[in-house]
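Single-structure report; data block below.
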Amino acid sequence: MIKIAPSILSADFANLERDIRRIDTADYVHVDVMDGMFVPNITIGIPVVMCIRPTTALPLDVHLMICRPVRYVEQFCDAGADLVTVHVESDTEENIHAAIDKILAKGKRAGIVLKPATPAEAVLPFLEKVNLILVMTVEPGFGGQKFMADMMPKVSAIRALIDERNPCCELEVDGGVDPVTCKTCIAAGANVLVAGSAVYKAEDIPGRIAALRG
Ligand code: DX5
Ligand code: ZN
């Protein structure tokens, strides 16, 4: 089953509760956290996660685009995140392990994220212990960018690793996913699709979420 994770980065922040209700046929709420250091943009943080938690029954998929996420993962878990993902490029291997361990110790699901330039092999140190791997299909930082189809061999390579060594692990893609590119991602082996502008710019949001399932 293909899961859809609409990104609230494309929502109206003055009407976040309304815009989260509009995606209630989706599978996750994708929350993009940016610190202005790891990526050249600043978005939302822990207080916003706390406020949106009671507005939805959907799991919160919190994508941390911040330097040294080990400093903050426990606070995001306590704020109501169900799944917290950290970039492998955001700290040393040892500290990424520590961040994953802290998320799991909170009883939450943990994932790692790869920027476009990061090769598939970067998942290997973490493959057996994560619940999700996220492959970026744009440079992280902004919504509405063009889908990078050249990330598909990496998605397929990670799908093969997951099937062999951690078959319960989910494989997510993020960036430029629309009703056309979703099919490419699904064919390459992704089972969770993040979509910001493709969902929130649609006239019929539930219809668009259904269309993104491929
Ligand atoms: C980009 C974010 C994405 C973004 C996707 O750094 O991680 O989640 O919101 O937006 P679209 O679907 O518009 O490319
Ligand atoms: Zn994201």
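If you filter the stretch 44-77 down to residues that are open to solvent by less than 40 Å² (accessible area, probe 1.4 Å) and of a type in the set (Ser, Thr, Tyr), you find that the one that is nearest to ligand 1 (Cβ to nearest atom) is Thr56. Considering only residues that are hydrophobic (A, V, I, L, M, F, W, C), surrounded by 12 or more Cβ atoms within 10 Å (Cβ to Cβ) and more than 14 Å from ligand 2 (Cβ to nearest atom), which ones fall in the stretch 161-176? The answer is Leu161, Ile162, Cys169, Leu171. Of the numbered criteria (1) aromatic (Phe, Trp, Tyr); (2) open to solvent by 20 Å² or more (accessible area, probe 1.4 Å); (3) under 16 Å from the mean Cα position of the chain (by Cα), the one Tyr28 fails is (2). List, please: which pairs have Cβ atoms under 7 Å, are six or more places apart or on different chains, and start with a residue in the stretch 142-156 that is in a helix (DSSP H, G or I) and end with one that is open to solvent by less than 30 Å² (accessible area, probe 1.4 Å) and within 13 Å of ligand 1 (Cβ to nearest atom)? Close Cβ pairs (under 7 Å, with a partner that is open to solvent by less than 30 Å² (accessible area, probe 1.4 Å) and within 13 Å of ligand 1 (Cβ to nearest atom)) amount to Met151/Pro116; Met151/Val135; Met151/Thr137; Lys154/Val135; Val155/Val135; Val155/Val173; Val155/Cys185.
Determine which member of the set Leu171, Leu134, Leu127 is touching a residue at least 60 places away in the same chain (Cβ under 8 Å) and of a type outside the set (Ser, Thr, Tyr).
Details: Leu171 fails: touching a residue at least 60 places away in the same chain (Cβ under 8 Å); Leu127 fails: touching a residue at least 60 places away in the same chain (Cβ under 8 Å).
Testing whether each residue is touching a residue at least 60 places away in the same chain (Cβ under 8 Å) and of a type outside the set (Ser, Thr, Tyr) leaves just Leu134.
Say we look at the stretch 183-199 and pick out the residues that are of a type in the set (Gly, Ala, Ser), within 12 Å of Ser156 (Cβ to Cβ) and surrounded by fewer than 24 Cβ atoms within 10 Å (Cβ to Cβ); which of these is nearest to ligand 1 (Cβ to nearest atom)? Even if it seems obvious, please write down each step before you answer.
Residues of the stretch 183-199 that are of a type in the set (Gly, Ala, Ser), as a first pass: 187-190, 195-198.
Next cut, within 12 Å of Ser156 (Cβ to Cβ) only: 187-190.
Checking the rest, the ones that are also surrounded by fewer than 24 Cβ atoms within 10 Å (Cβ to Cβ) come to 187-189.
Numbers: Ala187: 18, Ala188: 17, Gly189: 19 Å.
Only one residue fits best here, namely Ala188.
The set of residues in the stretch 168-182 being more than 8 Å from ligand 1 (Cβ to nearest atom) and either among the hydroxyl-bearing types (Ser, Thr, Tyr) or in a strand (DSSP E or B) (or both) consists of Glu170, Leu171, Glu172, Val173, Thr181. The residue of the stretch 1-15 that is most open to solvent (accessible area, probe 1.4 Å), among those that are of a type in the set (A, V, I, L, M, F, W, C) and within 16 Å of ligand 2 (Cβ to nearest atom), is Phe13.
The values are calculated or read from the model by the stated rules, or taken from the named source; none is laboratory data. Everything numeric here is computed off the predicted structure, so don't read it as measured data. Heads up, the Cβs are rebuilt from the backbone with ideal geometry, glycines too, and the neighbour counts pull from every protein chain shown. For accessibility, only protein heavy atoms count, side chains too; no ligands or nucleic acids. Shrake-Rupley method; radii C 1.70, N 1.55, O 1.52, S 1.80 Å.
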